[in-house]
Amino acid sequence: LERGVLVWVAPDGVFIKRFCQGRVYWSGPLAQHTDRPNKLNRERTCKLLNASIFLKELQDFLKGAGPKPRYEIDLCFGEEFSRRGA
């Protein structure tokens, strides 16, 4: 992870960008794959959480009109990880 990984929060969500040679895998609300790890590509910005979707889902949940919103983001450095409970 010599060059690092940058994670930041902006008004429209949570983002990440990998600069290092090491592999980084992630899971979260916007992950393409839910049955396997999602590899983070190097030098590309990836949106991990969409703030407007999260806030809409939270409002619906608080009104009793929807499930609890997904907000957890898991990161794994160096190797693939398995989903919890798998």
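The values are calculated or read from the model by the stated rules, or taken from the named source; none is laboratory data. For clarity, every value in this text was computed on a predicted model and none was experimentally measured. When we count neighbours, we look across all protein chains shown, and the Cβ atoms used for this are built from the backbone with ideal geometry, even at glycine. Calculation scope for accessible area: heavy atoms of the full protein, side chains included, ligands and nucleic acids excluded. Shrake-Rupley method; radii C 1.70, N 1.55, O 1.52, S 1.80 Å.
Given DSSP loops and a limit of at most 16 other Cβ atoms within 10 Å, what is the longest stretch of the chain that contains no such chymotrypsin sites (Phe, Trp or Tyr not before Pro)? Between exposed loop sites, the widest span is 20-70. Taking other residues whose beta carbon is less than 11 angstrom from the beta carbon of Pro67, and scoring Lys, Arg as +1 and Asp, Glu as -1, yields 0.
Put a plus charge on the Cβ of each Lys and Arg, a minus charge on the Cβ of each Asp and Glu, and nothing anywhere else: the dipole of the chain about its Cα centre is then about 120 debye. Over the stretch 5-78, the ratio between the Cα radius of gyration and 2.2 N^0.38 Å evaluates to 1.21. For the stretch 1-71, applying the loop criterion from DSSP together with a ceiling of 11 other beta carbons within 10 Å to the GluC sites (Glu not before Pro) yields Glu2, Glu43.
Helix 51-62: angle to the longest alpha-carbon principal axis of the chain, degrees 0 to 90, nearest 10? Roughly 40 degrees, rounded to the nearest 10.
Heavy-atom accessible surface of the chain, averaged per residue, reaches 71 Å², computed with a 1.4 Å probe.
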